[in-house]
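Below is one structure; the comments refer to it alone.
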Amino acid sequence: MVVDKTLYNVLGVEPNSTQEQISKMQQVNAAREVLMDPKTREMYDRYGLEGMKTAMNNENFNFPGFSGSIFDLFNLFEHGNSSQGRSTVNKGKDIKHVLRVSLEELYSGSTRTIFIDCDFVCVECNGIGCHDGIPYECNNCRGTGIDRVIHRVGPMTQQIQEKCSTCNGEGYVMDLIDRCRTCDGNKVIQQEKSLDIHIAHGSQHRETIKLSGQGNQIPNGEAGTVYVILEQQPHATFDRKGDDLIMTMQINLTESLCGFQRTITLLDGHNILINHPPGKPIVPNSYRSLKGYGMPNRNTHTYGNVIIRFDVKFPEDNFIQTESQYKQLEAILPPKIQNILTSNEHDEEVKMMPCDCCSRITYTVPASPFG
C-alpha cells in the first residue's frame with residue numbers, strides 16, 4: 001500500500017502506473033519547459049527539435065533562461081522513439097570457461113563439475129548498495145548517469161556523451177557511511193560457483209556448451225551466460241580427424257612380410273584383434289582402415305573409422321650371422337637386379353658410407369589418403 005501519493009499527484013499518474021507511463025510524464029514536463037518560454041517556443045515552432053539541437057551546439061547561441069535541461073528533452077525523445085516496439089533488458093556479463101577433456105570423454109560422454117568465480121546480487125542490501133541510508137540522485141548528471149561534454153574545434157562544436165565520472169554511470173550516489181558493509185556499495189559480491197557440465201558423446205574439440213542465466217548477476221536484470229569451451233587434450237594413441245581416429249602402428253619386417261596379429265584398445269576400453277595375412281607385404285607409411293570403430297556422430301548416428309598408418313621397422317646391421325643364412329633369405333625373396341659396369345674407362349665402382357648429414361635432410365611422409 002502506498003503511504004504518500006504526493007509525487008504521483010504532481011505527475012498526474014496513479015501509484016499503479018507503469019514505468020512507461022511515468023517516463024511519458026517526464027517527456028511532458030520537459031516539453032512544458034520549452035513551450036512555456038516564448039523564445040524557445042518560437043525556435044521550436046520554426047526549427048523543431050533537431051534545429052534547436054543544432055543551434056545549441058553553435059558557439060554563438062545564447063538564449064537567457066534556456067537551461068541545459070533541454071538536453072534531457074533531446075535524450076528523452078531520442079530514446080523514447082528508438083525504443084518503441086522493443087524492450088531492453090539489462091544483463092550481467094557473460095563468462096567463458098575452457099574445460100580440458102580427454103578424447104575418451106568426447107567419445108563416450110561425461111559429466112564434469114567446474115568451479116567459476118561469479119558475481120551474485122548482495123543479499124544483505126538486496127542489490128541496493130546501502131543499508132540505512134538512501135541513495136540520492138547524482139547532482140552532476142541529474143540521475144541520467146551521463147555527462148554531456150562540449151568539445152570545440154575551431155568554429156565547430158561537438159557534444160559527446162560520456163559516463164558520469166561522479167557516480168560512475170549509476171545515476172545516483174551514496175554517503176560512504178551508508179554503504180553496505182558486505183558488498184562495500186558494489187551491489188554484488190563475487191563467490192565461487194559450481195556447475196555440472198554434461199558432455200555429450202561425440203562432442204567436438206572447441207565445441208561450446210551454453211548455460212543461459214548462470215553467469216554474472218546484476219540488480220534488476222538478467223544473469224549473464226556461461227560459455228564452456230571443450231578443449232581436447234592430446235591422446236597417447238589416437239589423433240582425431242573429424243569422425244576418424246588416426247593411429248600409428250609399428251611392425252617389424254617379419255610382420256610386414258609374413259603377417260601378424262595385434263590388439264588395439266579403443267576409446268571405450270574394449271579391445272579388438274586385427275589380423276593381417278602373410279603374402280601381402282605392408283610397405284612403410286601405408287594405411288589400413290577399420291570401418292565403424294571411430295568417433296560417434298550425433299547427427300548421423302554413425303561412427304567414423306580407425307585409420308592405421310604403418311611404420312615398418314627394419315632389422316639392425318648384421319642381423320644375419322652366416323653367409324648360408326643370407327643365401328637362404330636371398331632364395332626366398334624376389335631376385336635382385338644385377339648391374340655390371342661397362343667397358344667405359346670412366347666407369348668405376350664406389351663404396352657407400354654412412355651419412356651423418358641425414359638428420360639435416362627433411363623427408364616428406366606421404367600424405368594420408370584420408371585427409
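Extension gain for the segment Gln321 to Gln19, taken as residue separation times 0.36 nm less the Cα-Cα distance, is 98.9 nm to one decimal. Listed by chain and number, the lysines placed with their C-alpha closer than 20 angstrom to that of Lys39 are Lys53; residues fewer than eight positions away on the same chain are left out. Applying both filters, DSSP loop and at most 15 other Cβ atoms within 10 Å, to the trypsin sites (Lys or Arg not before Pro) of the range 238-330 gives Lys291, Arg298. Spacing of the modelled spin labels on Asn139 and Glu231, each 7 Å from Cα toward Cβ, amounts to 5.1 nm. Taking the number of Cβ atoms within 10 Å of each Cβ as an exposure proxy, the fewest-first ranking of Ser203, Ser110 is Ser110, Ser203. Work out, step by step, the length gained on full extension between Glu222 and Lys313: first 0.36 nm times the residue separation, then minus their alpha carbon distance; give nm to one decimal. Stretched fully, the Glu222-Lys313 segment lengthens by 26.5 nm. Counted residue by residue at 0.36 nm each, then reduced by the alpha carbon distance between them, the extension gain from Glu330 to Cys355 reaches 6.3 nm. Bridging of Lys96 to aspartates and glutamates at a Cα separation below 18 Å is possible for Asp117, Asp119, Glu192, Asp196, Glu207, Glu222, Glu231, once same-chain residues fewer than 8 apart are set aside. Between Val228, Gln190, Ile150, whose Cα lies farthest towards the positive end of the dipole of the range 102-239 when Lys and Arg beta carbons carry +1 and Asp and Glu beta carbons carry -1, centred on the Cα centre? The Cα lying farthest towards the positive end belongs to Ile150.
Every number here is computed from the coordinates shown, using simple stated rules; none is lab data. Everything numeric here is computed off the predicted structure, so don't read it as measured data. Neighbour counts are summed over all protein chains in view; Cβ atoms, including those assigned to glycine, are modelled from backbone coordinates with ideal geometry.
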